[in-house]
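Laboratory data are not the source of any read-out in this text; all were calculated from the coordinates shown. Keep in mind it's a predicted model, so treat the numbers as computed, not measured. Here the Cβ positions follow ideal geometry from the backbone for every residue, glycine too, while neighbour counts run over all protein chains shown.
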Amino acid sequence: MLRDVYRKAGVLDTGSYLTTVNELCDQLPALRPELLWYVASHLRARVDLNSISKILVEEDKGAPIGTAVSLLSGLPLAMARHYTYAFPSLRVDFSSEYDRSTLHVNGIVAGDRVCIVDDTLSTGGTVAALVRAVRAEGATVEHVAVVVEKAGNGGRELLEDELGVAVHSLLSIKVVPDGVHVLEGIA
Ligand SMILES: O=P(O)(O)OC[C@H]1O[C@H](OP(=O)(O)OP(=O)(O)O)[C@H](O)[C@@H]1O
Ligand SMILES: Nc1ncnc2[nH]cnc12
């Protein structure tokens, strides 16, 4: 099911990067609840959430997926927002495959044991910033669970080798101008 979504995904070439446009990340076409259920239950099964106290997502593309994992696991949902609040929240700068900005992490407190959930891992810049923010608060990141990783972009190496965080993904892909190659992963 997931392989099919990525095999059929469109590719957007902006001139400086290639990205997929697909049902799960972009709601093109609209996201079927059975697909959301499928990815969330596979992530839930893949990661040992027994000692976890919170799910953390970046708002936008990762949010529906993390919300579904929160519902399935009963774990509270924390969220990194793209805009400033006039309340205390954790600020962290990030640089990703195609963006550079600041995130405001809401809902993490000292002592939390966090599982970060996102749709895509590419350079790892977004998730690495979230790891830094969680650690700055005196909490720990136990797992990173993503639906797809773009192989060869360094995200897994950055998180596992440099930051010492376990990465779990359901599918590994390579995006080329004429389509998406599915390298390995679940059906
Ligand atoms: O591993 P990285 O190089 O950091 O790239 C992965 C990030 O990029 C995408 O976010 P996007 O920039 O589209 O922002 P959005 O989720 O807020 O739309 C995706 O949802 C990940 O969060
Ligand atoms: N959803 C996505 N698809 C392909 N490449 C990406 N890089 C960052 N997000 C992506």
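What to note about this one:
- For the chain, share of DSSP beta bridges that run antiparallel, in % to the nearest 5: 45 percent
- Remark: relative contact order (the range 19-104) = 21 percent; criterion is Cα-Cα distance under 8 angstrom and separation of 6 or more residues.
- Electrostatic tally near residue 12: other residues with Cβ closer than 13 Å to its Cβ, Lys and Arg +1, Asp and Glu -1, net -4.
- Of 162, 34, the sequence from fewest to most neighbouring Cβ atoms within 10 angstrom is 34, 162.
- Estimated vicinal HN-Hα couplings, Hz - the range 113-120 in sequence order (Karplus 6.51, -1.76, 1.60; Gly, Pro = x): 10, 10, 10, 7, 10, 8, 6, 9
- Unit Cα scatterers, Debye sum, the range 123-187: log10 I(q)/I(0) for q = 0.14, 0.20 Å⁻¹: -0.44, -0.79
- Distance from the alpha carbon centroid of the range 15-33 to that of the range 50-110 works out to 20 angstrom.
- When you restrict to C-alpha pairs under 8 Å that are six or more residues apart and normalise by the size of the range 15-164, the relative contact order lands at 21 percent.
- The chain: C-alpha gyration tensor shape, a/c 1.5 cut-off, then a/b vs b/c: prolate
- Principal-axis analysis of the Cα atoms of the chain puts helix 125-136 at an angle of about 10° to the longest axis.
- Top of 117, 105, 47 by mean-square fluctuation, Gaussian network on the chain, Cα under 10 Å: 47
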